[in-house]
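The values are calculated or read from the model by the stated rules, or taken from the named source; none is laboratory data. Computed from a prediction, not measured in an experiment: that's the story for all the values here. Note: ideal-geometry Cβ built from the backbone for every residue, glycine included; neighbour counts use all protein chains shown. Side chains are part of the model used for accessible areas, which takes the heavy atoms of the whole protein and leaves out ligands, DNA and RNA. Shrake-Rupley method; radii C 1.70, N 1.55, O 1.52, S 1.80 Å.
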Amino acid sequence: MDLKEITLRLSQAVGISGAEGQAAPLARELLSPFGEVSVTPLGSVVCTVQAPKEGQPHMLWDAHLDEIGMMVTYIDDQGFLKVANTGGINRQLLMASSVTVHTEKGPVKGVVCSVPPHLQKGDKRKVPSMEEVYLDIGFDGQQAREHVSVGDVVTIDSTSRVLSGDLLTGKAMDDRACCACLIRALELLKGRELPCGLTVQLSTMEEIGGMGATTAAYQVNPTHAIAVDVSHAKSPGVPEDRCGILGEGPMIGFAPILSKTVCRELVKTAQEEQIPYQLEGMGRSTGTNADNIALCRGGISMGLVSLPLKYMHTPVEVVSLQDMENTARLLASHLLQAFSTGTTCE
């Protein structure tokens with residue numbers, strides 16, 4: 001499977017937190033060549049690549065399948081839709097965007113309402129709160145209620161595409177690009193004898209609290225886990241000490257909740273395999289599924305690998321295919337090396 005095409009397909013699929021309906025079947029399709037695939041009650045897609053033998057360690061890889069978006073909360077008599085954010089929408093980019101409302105009857109196109117600058121005064125020039133955001137779908141109140149229901153989800157229209165060189169841009173690269181990294185890592189392991197059990201989960205609801213990963217990890221019951229998510233890449237206005245550099249490799253995380261053994265083994269693997277990598281230090285929580293997975297049952301030895309990404313939580317997120325390939329190589333090589341030597345198992 002071509003990494004670029006997989007990423008673009010995953011990016012374009014609709015899968016807002018709690019409504020991952022289009023993205024989940026695609027995830028099942030992409031994971032099915034590598035093991036037995038199941039879906040948890042909360043919608044996470046789980047692939048058992050190799051069940052652990054008795055007494056053998058069991059590694060879980062996690063990336064989240066959901067994306068940010070909005071939900072319809074009210075339809076007024078003029079047909080305007082009031083919405084709430086599902087996940088951390090960047091409201092600065094929201095006004096006057098084209099959107100799609102995903103209904104039981106099919107997609108309905110619309111736009112986010114905006115006040116012309118000629119009519120704005122005083123504090124009206126500020127970024128509006130979500131309480132002030134409405135959608136215009138071109139219908140009056142009766143027509144709108146016939147086509148749209150409270151609870152329908154909304155996405156900002158975006159076309160995923162190749163930006164330049166090895167760069168891809170589009171919506172939901174957070175975290176579909178990392179889902180693609182896990183699939184690529186499984187390709188690299190195909191036909192290899194694995195020294196431990198391996199399960200991959202593409203989990204739901206990370207953007208609203210990580211419930212999909214928490215419950216799926218409890219069900220899988222691994223001894224070790226690595227969450228794969230995105231982190232900020234350098235771009236204008238982004239502090240250098242809080243980001244990585246696009247194209248310079250995956251970011252290996254260090255944080256109180258993470259296992260220093262797992263993190264150091266990831267660094268060692270990258271050095272031995274000459275895989276470019278970056279380090280990311282976090283003094284408290286990581287803000288990823290790693291925080292919740294580590295707490296499952298009696299605790300799980302946890303690692304975190306992050307893919308550098310520009311313009312997070314926008315419809316034009318940017319990732320590097322080179323970073324993605326190196327992330328997949330790091331995961332596959334770490335699994336083969338660390339568990340074979342037994343270091344990670346201590």
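Between Met95 and Asp136, the contour length at 0.36 nm per residue exceeds the Cα-Cα span by 13.6 nm. With contacts taken as Cα pairs under 8 Å at a separation of at least 6 residues, the chain carries a relative contact order of 23 percent. Less than 5 angstrom separates the built amide H of Val49 from those of Leu198, Thr199, Val200, all sequence-distant by 5 or more or on a different chain. Think of each Lys and Arg Cβ as +1 and each Asp and Glu Cβ as -1; about the Cα centre, that makes the dipole of the chain roughly 320 debye. Ranking Met205, Met251, Met1 by solvent-accessible area of protein heavy atoms (1.4 Å probe, all protein chains present), from largest to smallest, gives Met1, Met205, Met251.
Any idea what the dipole of segment 169-311 comes to, in debye rounded to 20, about its Cα centre with Lys/Arg Cβ at +1 and Asp/Glu Cβ at -1?
On the way: 13 positive and 15 negative charges, 23 e Å.
So the magnitude is around 120 debye.
When ligands, DNA and RNA are left out and all protein chains stay put, how many square angstrom of accessible area per residue does the chain have with a 1.4 Å probe? Could you put the intermediate results ahead of the total?
On the way: 15130 Å² over 346 residues.
Accessible surface, normalised per residue, equals 44 Å².
Of all DSSP-defined beta bridges confined to the chain, some 60% are antiparallel rather than parallel. Do any of Lys171/Lys234; Lys82/Lys310; Lys234/Lys260; Lys171/Lys310; Lys260/Lys310 go past 20 Å between their Cα atoms, and which? Where the Cα-Cα span goes over 20 Å, the pairs concerned are Lys82/Lys310; Lys234/Lys260; Lys260/Lys310. Only helices enter the 222 nm calculation for the chain: every DSSP H run of n ≥ 4 contributes -39,500 (n - 2.57), and dividing by all residues gives -8000 deg cm²/dmol, rounded to 500.
Determine Rg/Rh for segment 69-156; Rg is computed over alpha-carbon atoms and Rh is the Kirkwood hydrodynamic estimate from the same atoms.
On the way: Rg = 12.8 Å, Rh = 13.2 Å.
Reported Rg/Rh (Cα atoms, Kirkwood Rh): 0.97.
Report in % the part of the accessible area of the chain that belongs to carbon and sulfur, leaving out ligands and nucleic acids; probe 1.4 Å.
Values: 7540 of 15130 Å².
Taking all protein chains in place, the chain shows 50 percent carbon and sulfur surface.
For segment 1-70, applying the loop criterion from DSSP together with a ceiling of 12 other beta carbons within 10 Å to the GluC sites (Glu not before Pro) yields Glu54.
Computed from the C-beta positions of Glu146 and Met1 and an R0 of 45 Å, the FRET efficiency is 0.60 to the nearest 0.05. On the beta carbon distance between Leu188 and Asp157, with R0 = 30 Å, the FRET formula returns roughly 0.30.
Residues whose amide H lies under 5 Å from that of Val99, counting only those 5 or more places away or on a different chain, are Gly110, Val111, Val112, Asp157; hydrogens are built 1.01 Å from N in the peptide plane.
When each pair of different Cα atoms in segment 1-69 is counted once in the 1/r mean, what is the Kirkwood radius in angstroms, to one decimal? Taking the inverse mean of 1/r over all distinct Cα pairs, segment 1-69 comes out at 13.3 Å. For segment 190-242, the list of GluC sites (Glu not before Pro) that fall in a loop by DSSP and count at most 11 other C-beta atoms within 10 angstrom reads Glu193. Compactness of segment 162-294 was expressed as the Cα radius of gyration divided by 2.2 N^0.38 Å, which yields 1.10.
The HN-Hα couplings worked out from phi for segment 49-56 by the Karplus form 6.51 cos²θ - 1.76 cosθ + 1.60 (θ = phi - 60°) are 6, 8, 5, x, 6, 4, x, 8 Hz, whole numbers, x standing for Gly and Pro. With the biggest extent put first, the Cα atoms of segment 33-110 measure 63, 30, 20 Å across the principal axes. Specify which labelled value, from [x] 5, 20, 28, 24, 14, 7, 2, 0; [y] 5, 25, 33, 24, 11, 1, 0; [z] 6, 25, 32, 21, 11, 4, 1, 0, agrees with P(r) over Cα pairs in 10 Å bins from 0, in percent derived from the coordinates of the model shown. Label of the calculated value: [z]. Cross-link partners of Lys268 among aspartates and glutamates, defined as those whose alpha carbon lies under 19 angstrom from its own and excluding same-chain residues fewer than eight positions apart: Glu248, Glu280, Asp323, Glu325, Glu346.
Considering only segment 159-290, what is the antiparallel percent among its DSSP beta bridges, to the nearest 5? Walk me through the numbers on the way to the answer.
Numbers: 3 of 8 bridges.
Once the DSSP bridges in segment 159-290 are tallied, antiparallel ones form about 40 percent.
Mean sequence separation of contacting Cα pairs (under 8 Å, at least six apart), scaled by the length of segment 69-156, corresponds to a relative contact order of 46 percent.
For Lys53, the lysines whose Cα comes closer than 24 Å to its Cα, not counting residues fewer than 8 places off in the same chain, are Lys190. Taking label positions 7 Å along the Cα-Cβ direction at both Asp77 and Thr261, the computed distance is 6.7 nm, reported to one decimal.
Remark on Ser160: its backbone amide H falls under 5 Å from those of Lys171, a criterion applied only to residues 5 or more positions apart or on other chains, H modelled at 1.01 Å from N.
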